1. Please pick out the residue among B:Gly99, B:Gly107 that is facing chain A (nearest Cβ under 8 Å) and surrounded by fewer than 20 Cβ atoms within 10 Å (Cβ to Cβ).
2. With the condition being over 15 Å from the mean Cα position of the chain (by Cα), I'd like the strands (runs of 3 or more DSSP E) fully within the stretch B:1-110 carrying at least 2 qualifying residues.
3. Only residues that are buried (at least 21 other Cβ atoms within 10 Å of the Cβ) and in a loop (DSSP other than H, G, I, E, B): list them for the stretch A:85-103, please.
4. Assuming A:Lys37 fulfils every condition listed in (1) charged (D, E, K, R); (2) surrounded by 14 or more Cβ atoms within 10 Å (Cβ to Cβ); (3) over 11 Å from the mean Cα position of the chain (by Cα) apart from one, which condition is it?
5. For residues that are touching a residue at least 40 places away in the same chain (Cβ under 8 Å) and facing chain A (nearest Cβ under 10 Å), tally how many sit in the stretch B:31-49.
6. Which count do you get for residues in the stretch A:46-56 that are assigned to a strand (DSSP E or B) and surrounded by fewer than 16 Cβ atoms within 10 Å (Cβ to Cβ)?
7. Evaluate the following for A:Asn24: is it surrounded by fewer than 22 Cβ atoms within 10 Å (Cβ to Cβ) and either facing chain B (nearest Cβ under 10 Å) or out of contact with any strand residue (DSSP E or B) (no Cβ under 6 Å at 6 or more places or on another chain) (or both)?
8. Mind listing whichever residues of the stretch B:80-96 are more than 8 Å from chain A (Cβ to nearest Cβ) and either buried (at least 21 other Cβ atoms within 10 Å of the Cβ) or more than 19 Å from B:Asp26 (Cα to Cα) (or both)?
Amino acid sequence: KNQVEQSPQSLIILEGKNCTLQCNYTVSPFSNLRWYKQDTGRGPVSLTIMTFSENTKSNGRYTATLDADTKQSSLHITASQLSDSASYICVVPYNQGGKLIFGQGTELSVKP
Amino acid sequence: NAGVTQTPKFRILKIGQSMTLQCTQDMNHNYMYWYRQDPGMGLKLIYYSVGAGITDKGEVPNGYNVSRSTTEDFPLRLELAAPSQTSVYFCASSYSTSGPYNEQFFGPGTRLTVL
C-alpha cells in the first residue's frame, strides 16, 4: 500500500536550536519527494523537491536528504527561528496523473 | 499575480444546505485540485482536473461535485451539507504532474463548519 509516514508528530524546540524531521515512504514507483511548509491558517508552500538521483539539497537553513534505498527522507532545520513554527509535510506522487500522497505532517513549535 | 485564490475564507452551514466553494488561479495551469484537511490528518484529494472540461474523482469524492468550464476556475459544490464535511478545504494548481514541475500551488483555504 502506498503510504507516507512522518515523525515525530510534533516537536518543540528553543529558538536557535537545530532539528530533524523524518519521512518514510512506501510509494512505488518512486520519482520524487517534496517537503512543504504549512503556516497556521494558510495553504502549504513547497520548500524543496528531492528527485530519485539526489541525496542532499539545501535551501537556506533547510537541508533535505533522500535515501532511495531505504525509502527515507529527512528535513534538517538549522538555527531555528520563531517563523519556522509550522507544519512540515512530506509529499510523494504515486501516479503520472498528479495525484499525491501527503504525510500527516510534523507540527514544529519554536519557542523563544 | 495573485496565484490561487479561494472564497469564502469561512462559512457555517446548516445540515442539508448547499454551497459552492470558489477557486481561481491566474498562472494558466492546466491541473487543478481540491483537497480537504481534517484536524491532525494529511490532505485528502476530493476531485481533480487535467484541463478545462475534464474532471475526475479523487480519494474522497462522495458528497461533492466539481466543474471546470475555464482554465482559471474550478468550483467545488456541496449539495447536501453533512457534519462529516466540516473541514478546511484547499484548492491547488500545478503546471505539470511530473518531475520538478509537479509543484502544487495552494490557495489560502476555506474553513467550513456544518452544524
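The values are calculated or read from the model by the stated rules, or taken from the named source; none is laboratory data. Small disclaimer: the values here were computed from a predicted structure and weren't measured. Cβ coordinates were reconstructed from backbone atoms using ideal geometry, including for glycine residues, and neighbour counts include every protein chain displayed.
1. Exactly one residue qualifies, and that residue is B:Gly99.
2. Counting at least 2 such residues, we get B:10-13.
3. Selection gives A:Gly98, A:Gly103.
4. (3)
5. Total satisfying the criteria: 6.
6. So the count comes out to 2.
7. For A:Asn24, the condition - surrounded by fewer than 22 Cβ atoms within 10 Å (Cβ to Cβ) and either facing chain B (nearest Cβ under 10 Å) or out of contact with any strand residue (DSSP E or B) (no Cβ under 6 Å at 6 or more places or on another chain) (or both) - is not met.
8. If the condition is that a residue be more than 8 Å from chain A (Cβ to nearest Cβ) and either buried (at least 21 other Cβ atoms within 10 Å of the Cβ) or more than 19 Å from B:Asp26 (Cα to Cα) (or both), then B:Leu80, B:Ala81, B:Ala82, B:Pro83, B:Ser84, B:Gln85, B:Thr86, B:Ser87, B:Val88, B:Tyr89, B:Cys91, B:Ser93 are the ones that fit.
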